[in-house]
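See structure below.
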Amino acid sequence: MKKNILLLINGFGIEQKDSYDIYSAELMPNMDRLTKEGLFSSLSSTDLDYKSGYRSFSIGIKEPLSYSIVENSISTGDYKNTQIMRYLYTQLNEDNEKKLHIFCYWDNNRTIEQLLYFIKEMKLYIKSKIFIHLIMTQQSLNDYKDMDRSFTILNYELGDNIKLGVVTGDQHLENLLAFKDFVKTLATEAGEKWKDLNKKVEVLFQTKTIPAKARTFAVNPGFGVNDNDFFLFFNYSNVDITRYFKEFEVQRYRKIDTSTIKTYSLFPVKCDTRQIPFMYNFAVSSTYALQSIESIGAKAIIMAEKDKCPYINYYMTGLRNTISENLKYLSVDDGFIYDADKVIQTLKAYPQELVIINYEIDSCVKIDDIEERLRKIDVIIGKVAEFTLANNYGLFISSLYGIEREMYNNKHELHKVNFSIRVPVIAYDKGLPGGSYSLSEGTTNDLLNALVHNINGSYGNSGIIKKKSSFFSFLYKKPKGDK
């Protein structure tokens with residue numbers, strides 16, 4: 001077996017025509033050199049964040065399997081009679097002062113379509129007030145077009161007792177102060193208010209704010225959380241809701257006894273303070289990255305920021321929250337991956353056959369920050385390329401997803417950065433000479449298969465690595481005397 005290194009520049013992709021021109025040979029001379037000395041191609045990737053990027057890489061699917069589970073439940077009508085739905089019918093009709101708060105993690109229009117089935121059923125049996133709080137997870141400005149239509153449908157379908165409450169961005173809530181503001185809004189009903197959602201969407205689009213980073217705003221009055229209310233987290237992935245209750249307990253605006261709030265979810269959620277009953281369990285995937293790695297007797301180590309490791313592990317193990325001796329993680333929070341000498345020392349220290357190093361440009365605030373980070377990464381690329389060549393290892397350079405957003409440069413000029421749709425892939429390996437091999441176009445899941453095959457050729461799926469036909473091989477032979 002041969003050691004292979006996958007160096008990821010997540011968020012980086014093939015620049016689209018409408019993008020500010022960032023990448024150049026001058027900016028990344030080592031990467032540019034490897035595109036000529038190694039094998040180079042591009043991969044299809046419409047993902048825009050870490051979670052969807054690792055899901056596509058490991059499992060090869062574009063959306064969580066949980067959508068299919070709910071779809072099947074709706075098609076059979078079983079969703080109407082789940083134990084939680086029946087319990088909500090009973091409890092909320094006993095006391096009309098209680099409210100049901102649905103925290104909907106809005107991934108796409110399919111989320112709203114499925115939510116509406118549940119809402120239509122609730123309208124038949126629940127007379128208490130129901131407020132839908134939307135948590136937007138979308139990563140592209142282009143999503144606002146579809147969202148605007150969904151808002152119109154929502155407003156049309158909701159009744160007198162069902163209203164939209166608070167809307168916020170998923171990434172916005174990752175900041176502690178922003179999360180406090182979100183809870184303050186739910187507790188006091190104070191804060192930014194918009195009666196016309198379509199106008200708010202237009203403002204968000206004009207200000208180039210991606211949905212996942214939108215600040216909290218309210219739509220209708222009366223949504224405030226009270227004792228004895230009900231929470232339903234309408235989630236399609238495993239989310240941590242511990243801080244919801246912790247923040248309600250420490251906020252000083254209104255005294256709310258969170259122990260009286262009954263909480264449920266669509267799929268399992270993480271909560272350190274209570275058990276949360278859920279309607280559906282997650283499905284697991286039959287094919288996934290760790291399975292492929294283990295099938296050839298290999299092991300892997302992933303270098304990533306500590307807070308990203310749990311969900312990277314979740315996707316790498318086929319949607320299972322399991323720990324394997326064959327898959328290790330190394331936190332890079334101290335920034336050592338930008339120190340070339342320490343990176344090489346780490347590669348020498350760990351015996352795993354597959355090493356994945358996660359870089360990213362998502363956190364860059366300005367275009368100039370992206371350029372500076374790419375310069376630093378390019379230095380690492382040069383050092384790692386020398387190391388792999390000297391040791392007869394394999395080096396692959398790619399990205400699991402791109403970004404698409406409006407960003408300022410240091411001159412305070414606003415430009416579009418569009419690395420979406422396609423990402424680059426480079427293979428730099430003595431065992432993959434350009435005269436005999438090429439990289440075909442494919443997906444990031446095909447990249448995974450190529451890595452496993454390059455570690456151990458007995459793995460059947462060669463992914464994007466293609467052996468050139470011997471009939472044409474003479475076209476690629478070097479003249480005698482060339483080295």
Counting only residues that are exposed (fewer than 14 other Cβ atoms within 10 Å of the Cβ) and either touching a His at 6+ places or on another chain (Cβ under 6 Å) or farther than 19 Å from L34 by Cβ (or both), how many does the stretch 390-420 have? 5
Quick one: what pairs do we get from the stretch 325-345, first residue on the phi < 0 side of the Ramachandran plot and among the basic types (K, R), second open to solvent by 60 Å² or more (accessible area, probe 1.4 Å) and at pLDDT 95 or above, C-beta under 9 Å, 6+ apart or different chains? K328/K299; K328/Y350
Within the stretch 94-104, identify whether any single residue is of a type in the set (V, I, T), outside any helix (DSSP H, G or I) and touching a residue at least 24 places away in the same chain (Cβ under 8 Å), and answer yes or no. yes
Looking only at the stretch 184-195, decide whether some residue is crowded, with 18+ Cβ neighbours inside 10 Å, in contact (Cβ under 8 Å) with a residue 40 or more places away in the chain, under 27 Å from S52 (Cβ atoms) and of a type outside the set (V, I, T). no
Residues satisfying the stated conditions in the stretch 324-333, i.e. farther than 12 Å from N358 by Cβ and either surrounded by 10 or more Cβ atoms within 10 Å (Cβ to Cβ) or of a type in the set (G, A, S) (or both): S324, N326, L327, K328
Before we move on, is Y264 on the phi < 0 side of the Ramachandran plot, surrounded by 17 or more Cβ atoms within 10 Å (Cβ to Cβ) and assigned to a loop (DSSP other than H, G, I, E, B)? no
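The rows are residues; the columns are (1) touching a Leu at 6+ places or on another chain (Cβ under 8 Å); (2) at pLDDT 95 or above; (3) within 21 Å of L65 (Cβ to Cβ).
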site	(1), (2), (3)
I302	yes, yes, no
N326	yes, yes, no
I344	no, yes, no
N358	yes, yes, no
D362	no, no, no
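Taking the stretch 105-134 as the search range and keeping residues that are assigned to a helix (DSSP H, G or I) and aromatic (F, W, Y), which one is least open to solvent (accessible area, probe 1.4 Å)? Lay out the reasoning, then the answer.
First, the residues of the stretch 105-134 that are assigned to a helix (DSSP H, G or I): 109-125.
Remaining after also requiring aromatic (F, W, Y): 117-118, 125.
Values: Y117: 107, F118: 2, Y125: 106 Å².
Looking at the filtered set, the residue picked out is F118.
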Within the stretch 229-257, track down each residue that is surrounded by fewer than 20 Cβ atoms within 10 Å (Cβ to Cβ) and more than 28 Å from I112 (Cβ to Cβ). K246, E249, V250, Q251, R252, Y253, R254, K255, D257
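Taking the stretch 419-439, which residues are under 30 Å from Y20 (Cβ atoms) and modelled with pLDDT under 95?
Correct list: S420, I421.
Quick check, is N410 modelled with pLDDT of 95 or more, farther than 23 Å from K308 by Cα and of a type in the set (S, T, N, Q)?
Spelling it out, it is not the case that N410 is modelled with pLDDT of 95 or more, farther than 23 Å from K308 by Cα and of a type in the set (S, T, N, Q).
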For the stretch 278-307, name all the residues that are farther than 22 Å from E353 by Cβ and of a type in the set (D, E, K, R). E305, K306, D307
Listed residues Y54, Y50; which is within 29 Å of S458 (Cα to Cα) and touching a residue at least 12 places away in the same chain (Cβ under 8 Å)? Y54
If I ask for residues that are within 10 Å of the chain's Cα centre (by Cα), part of a helix (DSSP H, G or I) and of a type in the set (D, E, K, R), which ones from the stretch 38-74 would you list? K51, R55
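From A385, A349, which residue is more than 21 Å from S56 (Cβ to Cβ), crowded, with 18+ Cβ neighbours inside 10 Å, at pLDDT 95 or above and small (G, A, S)?
Just a single option satisfies the conditions, and that option is A385.
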How about the stretch 217-228: which of its residues are of a type outside the set (D, E, K, R) and either open to solvent by 10 Å² or more (accessible area, probe 1.4 Å) or farther than 30 Å from M407 by Cα (or both)? V219, N220, P221, G222, F223, G224, V225, N226, N228
In the stretch 142-192, residues that are of a type in the set (S, T, Y) and either within 17 Å of R215 (Cβ to Cβ) or in a strand (DSSP E or B) (or both) total 4
Among residues belonging to the stretch 91-105 that are of a type in the set (A, V, I, L, M, F, W, C) and at pLDDT 95 or above, point out the one that is farthest from the chain's Cα centre (by Cα). L100
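The values are calculated or read from the model by the stated rules, or taken from the named source; none is laboratory data. Every value quoted in this text rests on a predicted model; they were computed, and no experiment measured them. Heads up, the Cβs are rebuilt from the backbone with ideal geometry, glycines too, and the neighbour counts pull from every protein chain shown. For accessibility, only protein heavy atoms count, side chains too; no ligands or nucleic acids. Shrake-Rupley method; radii C 1.70, N 1.55, O 1.52, S 1.80 Å.
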